[in-house]
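The values are calculated or read from the model by the stated rules, or taken from the named source; none is laboratory data. Keep in mind that what you see is a predicted model, and the values were worked out from it rather than measured. Neighbour counts are summed over all protein chains in view; Cβ atoms, including those assigned to glycine, are modelled from backbone coordinates with ideal geometry. Each accessible area value is taken on the protein alone, full model and side chains, heavy atoms only, with ligands, DNA and RNA left out. Shrake-Rupley method; radii C 1.70, N 1.55, O 1.52, S 1.80 Å.
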Amino acid sequence: MIFTIISFSVLGQTSFSKETQSYILHQKGIYVLQNLTIIDGLGVQPKTNQDILINGEIIEAVGIDLPIPENATVINMQGKSAIPGMVMLHEHLFYPKATPGGFGVNQMSYSFPKLYLAGGVTTMRTAGSIMPQADVNLKKFIMNGETPGPKMDVTSPHLDREGTGILELGPFTSTEQAVKMVDFYIEMGVTSIKVYNFISKIDLKAIVDAAHKKGVKVTGHLCSITYREAADIGIDNLEHGFFASSDFIIDKESDACEPFKQYNSVRKLPVDSKKMTDLINHLVNKKVALTSTINVFEPYTNREIVPGGGIDALYPEAKEKVYKRWASKQGKDSLDYVIFNKSKKWEKAFYDAGGLLVAGTDPTYDGRIIAGYANMRLLELFVEMNFTIPEAIKICTLNGAKYLEQDATIGSIEKNKIADIVILNDDISKDIKAIRSIEMVFRNGVAYESKKLFKAANGLVGIR
Ligand SMILES: [Zn+2]
């Protein structure tokens, strides 16, 4: 039903720009990576003493003591571990800024693709764009070797009615106009559609129909429409766990977004509410995927300033602002903890009920969420939510690939899949914190040096 938009060239070497070249540790070739501990993305137990045979962009074999083909380069990886390249579904290419009217964002075409790749992301959906043409072009530049970064599923701007307070976004005023926007962005090269807070049910139905007709999926950060209504209309995906659900407002006015009522209804809902269980079951039955962005709700007290540890990525002014906010919230974020703790349980319940839980980091809010670093942090938080390490990795790899309908080629370390592999210096099967020891990231059979990519973005987040 959904077209696979990306088809990967197997014709040989991409010609890399000088810049891209400078981050490459291993060019495309024949490699045997030996003696790894692998968590393969399928959610099963880690395997030890594994070898991976990479030929060009393809994983040709995985197993113990693989025979070494002629011309192969052998790399002994004793003590290291491997996970699939992450497939992340809420990875904007912008960073928040103060602006007339309140909230605005800056496009981060230079720093963010590097940071995502450095943090282990090999495929990402942008889940809302402010410069869709720039994102479409960037996707091309990445694929033709001009600049390093993950493969991209470019999402439309947040489609919405009047009400959204983001400077860079413009509202539509009729359902017909919304449908025109869907067609326009898809023609531009966008491969996912995002809807936002103030749309009506009639708008959503028309948008979903127009997108599905072209094989494109629709996700939403909703407010005016309940999750149940959206599921019945045919939306494919809901963002931010249950944080944006307006299903629990008593006497909810149809098609109205009431942020305070919405927030309070979620905050006050008992964690074991039957209403929530019913909603979860409904979403699972309707096959609606749920995106966890639990990292954006991580409280401040006794937690890192920048979750994942990327404060030096920020330009000085942003660094100061983020630090001040973090300091001011110490001991004063008990309400944040309420939402955070419940969200953790509800998202886990959705997964346990058989729902497709996918993941994204949503680098927005108060500037504390930084591409790449946040991806590593989100994996740690999934383990804090009581997922096993293999489950946490599956949510960030195979589940994303399933949603994008690319699981035949990416999302796990298996024979015949594309060689998208993250190599960690430490053993992630023992401690999820090993995610912070990324040494290199293979994307389409080419290995990029994580540290160097991270370093290249230092001081630039917020600027470019
Ligand atoms: Zn977002």
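Descriptive notes on the structure:
- For the range 298-370, the relative contact order works out to 44 percent when only alpha carbon pairs closer than 8 Å and six or more residues apart are counted.
- Taking all pairs of distinct alpha-carbon atoms in the chain, Kirkwood radius in angstrom: 22.3
- Of interest is the spacing of the C-alpha centroids, which for the range 314-354 and the range 28-54 amounts to 34 Å.
- Accessible area expressed per residue, the range 366-433, with surrounding protein chains retained (probe 1.4 Å, Å²): 29
- Segments 62-72, 151-161, 29-39 sorted - mean Cβ within 10 Å per residue, highest first: 151-161, 29-39, 62-72
- Relative contact order %, the chain, counting alpha carbon pairs below 8 Å whose residues are six or more apart: 24
- A crude spin-label estimate for the pair Leu335 and Lys97, with each label 7 Å from Cα along the Cβ direction, gives 3.0 nm.
- Here the dipole of the range 86-403 is about 420 debye; that uses its Cα centre as origin and unit charges on the Cβ of Lys and Arg (positive) and Asp and Glu (negative).
- Added length on full extension, which subtracts the Cα-Cα distance from 0.36 nm per residue, Gln27 to Glu405: 133.3 nm
- Ranked by the mean number of other Cβ atoms within 10 Å per residue, highest first, peptides 270-278, 399-407 order as 399-407, 270-278.
- Unit charges at the beta carbon, dipole of the range 86-403: most positive-side option, Ile207, Ile233, Tyr337: Tyr337
- Cα centroid separation, the range 381-426 to the range 252-305 (Å): 25
- Using a Förster distance of 56 Å, the FRET efficiency for Lys287-Asp65 (Cβ separation, nearest 0.05): 0.85
- Placing a pseudo-label 7 Å from each Cα along the Cα-to-Cβ vector at Thr73 and Glu253 gives an inter-label distance of 6.4 nm.
- Electrostatic dipole magnitude of the range 369-443 [Cβ: Lys, Arg +1; Asp, Glu -1; Cα centre; debye, to 20]: 100
- Protein heavy-atom surface of the range 86-403, 1.4 angstrom probe: 55% of the accessible area is carbon and sulfur, with nucleic acids and ligands not counted.
- Simple spin-label estimate for Lys180 and His212 in nanometres, 7 Å along Cα-Cβ: 2.5
- Here the sum of -39500 (n - 2.57) over DSSP H runs of 4 or more residues, divided by the residues of the chain, equals -9500 deg cm²/dmol at 222 nm, to the nearest 500.
- Candidates per trypsin sites (Lys or Arg not before Pro) in the range 64-132, loop by DSSP, up to 14 other Cβ within 10 Å: none
- Any cysteine of the chain lacking a neighbouring Cys Cβ under 4.7 Å - listed by number: Cys396
- With the charge dipole of the range 126-173 set up from +1 on Lys and Arg Cβ and -1 on Asp and Glu Cβ about the Cα centre, the Cα lying farthest toward the positive end among the listed residues Thr164, Gly149, Thr126 is that of Gly149.
- Shape category assigned to the range 392-446 from the gyration tensor of Cα positions, a/c cut at 1.5: oblate
- Which of Tyr185, Met77, Tyr300, positive extreme of dipole for the chain (C-beta unit charges): Tyr300
- Distance histogram in 5 Å bins (all Cα pairs of the range 58-159, percent per bin): 2, 11, 18, 18, 13, 11, 10, 7, 5, 3, 2, 1, 0
- Packing rank of 174-181, 251-258, where each peptide gets the mean count of other beta carbons within 10 Å, highest leading: 174-181, 251-258
- Over 23 Å between alpha carbons, listed pairs Lys286/Lys417; Lys214/Lys286; Lys151/Lys287; Lys97/Lys402; Lys80/Lys402: Lys286/Lys417; Lys151/Lys287; Lys97/Lys402; Lys80/Lys402
- Residues whose amide H falls under 5 Å from that of His92, counting only those 5 or more places apart or on a different chain, are Asp362, with hydrogens built in the peptide plane.
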